Structures are given as C-alpha cells and as structure tokens.
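Here the structure comes first, spelled out in structure tokens, and everything after it is commentary.
The values are calculated or read from the model by the stated rules, or taken from the named source; none is laboratory data. Just so it is clear, the model here is predicted, and its values are computed rather than measured. Heads up, the Cβs are rebuilt from the backbone with ideal geometry, glycines too, and the neighbour counts pull from every protein chain shown.
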Amino acid sequence: MEQLITEIQPRLTQHFAKLVENKKIAHAYLLAGPRGAGKNKLAHWIAQAIFCKQKQNGYPCLQCNDCQRIAQNNQPDVVTIVPEGNSIKVDQIRYLKSEFVKSGVESNRKLFIIQNAEKMTVSAANSLLKFLEEPSGDVTAFLLTENANQLLPTIVSRCQLVELTSLTTKQLREKLQANGVTVQKAHLLAHLTNSPKEALELDADVEFDQLLKNVWEWFNQILRNDWRAFVGVQTKLLPYVNDKEAEQRLLQAIILLTRDLLLLKYGKKDDVAFIMYSKELSEQNMKISESGAIRAVEAVLATKHQLTVNVSFQSVLEALTLNLFSCYQGR
Ligand SMILES: [Zn+2]
C-alpha cells in the first residue's frame, strides 16, 4: 500500500533529481504542504539521492546501503529533529549544531530534517537562524511544515520555499476504493483527511465508525428540533473522543455535515461528503433557510478555532449544539 514519493510528487522528485545531478542543491529548503502530501518522504528521498552511490540521473537506487539506512533513519549524516512534546526546543537545535560541527561521520556531506518546523520556540528558531546564516561545510537543511505562515519570516527568507500539494479528493477517493473501501465511505474519508494512510486506518477503526453514526444522529436531531441532541453530546459523542486529534476530526465531520446541507441548498450533490445520508439531508434541507445554513457553517468553523484556546471540549460542543439549533430552527 505504501505509495512511492515519485508517484505522489512526480514533478518535484524530477526537479530535485536534476538538482542533485547538477550539484545545485541549495543550503536550506522549506517544504510546506498539508498532511499526506509527502513532505517527509520527499526530504528522505532527496537525502537518498544525495548520498546514493549508485544513483542514475539523480534518482536514488533505493537498494544500496546508504539508501536503506536513510529510509530507516539510521544514517549518521542525516539527522531528523521532531518536536519533544509540543515544541522544538533550543537544546535540540544546539544538539544539531554540535553534531554538525564535527566533520561528517562517513563523509563531509550532512543533511538535517526538522519536522513540524513551526513548533520551534523563538529561541530555537533564532539559534537555527544563526546556523543557516553561516553553514559549516556541505550542509543541507529541510524544514517541514503544514503552514509556512507560522514560521518566523526571517527563517522563511533563508530557505527556498517548496510547496507540496496533496492528492486531489478525487484521486484519494479512487485510491481508497482500490484498497477495498466502499464508495460511500471513501467519499467521506477523502473529505476528512489528505492522507491515504490515515484514511485506511480510520476505515478499519470500529469506534470511529460508531462515532460517525452517532454524530449523524446528533446532527439529525438538531435538524428535527429534537432536544435530545443536547444530552447526546455527553452520551453519544464525548465517549468516542479521547485526544486532541479526535476532537479535531469530530469537528471536521460536523463542518462537513453543515457544509453538505449548504451544498444541497445550491444543488451541488456531487460534492457532498456524507452521501450515505444525502436523502435525509435533502429532506431536512427544505425546511432550513439559506442564511441559517450559512450561519451554521460559520458557527462550526468558529468553534474549531476556539479549540486552540483551553476550554473543555464538552462545553464547546454544548455551546455549538445550541448555536446550531438557533441557526437551523431560525430563532
Ligand atoms: Zn542507493
């Protein structure tokens, strides 16, 4: 199932192969793109291309010792930094620098990859900045992020920005169906995530399946002005949400439901995510005003933003439930 980066990002791998071949690799790259776009894979693939001794036209062989060790994060001249807890701390960057002043363990070539680079603390970012300004030796840096806007502009200006786009929803859907996911589920999963891997994990997750059924029941109750929806937050939704990621995913599902309703208002059946419920959604849709449907989408988007602040998820969802009642019931 593992998809090759040359398939996910054929244009970019071709571009970097040419740079490797012509020895034109820059000192620092910022790889920016959504989850599932292949940022980490691309960085590792370029590292392989640089270190591979059997490369052809800049393409790594993927078989040799160097290629394999890089794939396993086990090549001492290729160092990856990941957040410790919620941030990348200045000590991690200091460690990186100390590693890099030593001459290459196996060559003079060195490369580092910083995942979730937006999570660098300000002091970590400043420490890295000095390093980027005076690179010692033959060093290449890859900073990976989902959102380049969250990095210090001084860092961004030191890097060449490479933007990765992920699979289109349609491509992902086809891929999921090819892996045995039902048409309806593939539609929904392709709207919930960009990552084929995550989508397949969710497809196999029984609890997530139940949560989807429950969130639909909750939403349908709101549409029918049934106040059991309010109690449902605690009994039907919260038991299935154990971490921040699950909270975000639940809200994403709710965003899709409100969005589906709006799409149906505009007659755009093909873009609907919850096609398994499109019949019921269409029926309820008739009773809802256009402005109410728009306000509902806005309300959920605003809620998603609130989650970054520290409030209990239960109170956030309860407030949202009331808010949706008022959007859809026109009060
Ligand atoms: Zn190789």
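Quick notes on this structure:
- Condition broken by Leu96, with the remaining ones in (1) closer than 20 Å to Glu118 by Cβ; (2) within 16 Å of the ligand (Cβ to nearest atom) satisfied: (2)
- Cβ-Cβ distances below 7 Å connect the following pairs, each with a first residue in segment 44-65 that is on the phi > 0 side of the Ramachandran plot, a second residue that is more than 9 Å from the ligand (Cβ to nearest atom) and not hydrophobic (A, V, I, L, M, F, W, C), and a separation of six or more residues or different chains: Asn57/Glu21; Gly58/Lys18; Gly58/Glu21.
- Among residues of segment 128-142 being within 12 Å of Leu111 (Cβ to Cβ) and crowded, with 21+ Cβ neighbours inside 10 Å, the one that is modelled with the lowest pLDDT is Ala141.
- Out of Ile113, Ile81, sole residue that is surrounded by 20 or more Cβ atoms within 10 Å (Cβ to Cβ), more than 16 Å from the ligand (Cβ to nearest atom) and without any contact (Cβ under 8 Å) to a residue 40 or more places away in the chain: Ile81
- Scan of segment 24-68 for residues that are part of a loop (DSSP other than H, G, I, E, B), of a type in the set (Lys, Arg) and either surrounded by 24 or more Cβ atoms within 10 Å (Cβ to Cβ) or within 16 Å of the ligand (Cβ to nearest atom) (or both), ordered by number: Lys53, Lys55
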